[in-house]
1. For the stretch 48-143, please list each of the helices (runs of 4 or more DSSP H) lying entirely inside it that holds at least 2 residues being surrounded by fewer than 10 Cβ atoms within 10 Å (Cβ to Cβ).
2. Can you name the condition, by its number, that VAL33 falls short on among (1) surrounded by fewer than 17 Cβ atoms within 10 Å (Cβ to Cβ); (2) farther than 30 Å from ASP105 by Cα; (3) at pLDDT below 90?
3. Among the numbered criteria (1) in contact (Cβ under 8 Å) with a residue 40 or more places away in the chain; (2) in contact with a Pro (Cβ under 8 Å, 6 or more places away or on another chain), which one does PHE66 miss?
4. Starting from residues that are touching a Phe, Trp or Tyr at 6+ places or on another chain (Cβ under 6 Å) and closer than 25 Å to LEU90 by Cα, keep the ones in the stretch 37-47 and report whichever is least open to solvent (accessible area, probe 1.4 Å).
5. Looking at this structure, is LYS15 in a helix (DSSP H, G or I), open to solvent by 90 Å² or more (accessible area, probe 1.4 Å) and modelled with pLDDT under 95?
6. Spot the failing condition for LEU3; the list is (1) at pLDDT below 90; (2) surrounded by 12 or more Cβ atoms within 10 Å (Cβ to Cβ), and only one is missed.
7. List the residue pairs whose Cβ atoms are under 6 Å apart, where the first residue sits in the stretch 76-88 and is within 13 Å of ILE110 (Cβ to Cβ), the second is surrounded by 12 or more Cβ atoms within 10 Å (Cβ to Cβ), and the two are 6 or more positions apart or on different chains.
8. Give me a count of the residues in the stretch 1-43 that are over 20 Å from PHE66 (Cα atoms) and of a type outside the set (Lys, Arg).
Amino acid sequence: MILKETCMHTATCEKAKGLVSGGIAPIDLVSEVNSYGLASILLAKCLGCNQAFKFDTSPRLESGNFDVNVRAVWGTLVTGNGLSHLNELLAVLDSPGLSRKSFLDIEMKINNWWNEYLQADLDRAIEEEKEIAVKNGSFHQGL
């Protein structure tokens, strides 16, 4: 959404339009505000009026975690690896790693998501089995 806002700004900012007509890009990527594992928050500015725009390099999930970090942890776990393996791979790629706290937080959230999903699936299966048993009259009433 921020990209749309930035584009709309450059279309309406008179000073930015003047820069464009002179062949100058009106938006400049200024810096990385913060880094969160594989995700970053970047700062861009309009060179016409100095309005600042912050960009997340990865969408945030409802959990508050960056999508790219959750995918990295999930991929690491399903391949039978852990934090040290992930960070070693990321170091080879010259990419920032995840902190132990972030990794464990995401790992716990993934665990909770799977537990919720599996419990719901088991509950559905139990109800389905009950319906089949009642329909076929093959159930025992009593204790």
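1. 100-136
2. Failing condition for VAL33: (2).
3. (1)
4. ALA39
5. In short, yes.
6. (2)
7. Taking only residues 6 or more apart or on different chains, the pairs are THR76/LEU86.
8. Of the residues in that region, 24 qualify.
The values are calculated or read from the model by the stated rules, or taken from the named source; none is laboratory data. Please read all numbers here as calculations on a predicted model, not as lab measurements. Cβ coordinates were reconstructed from backbone atoms using ideal geometry, including for glycine residues, and neighbour counts include every protein chain displayed. All accessible areas refer to the heavy atoms of the entire protein, side chains included, with ligands and DNA or RNA removed. Shrake-Rupley method; radii C 1.70, N 1.55, O 1.52, S 1.80 Å.
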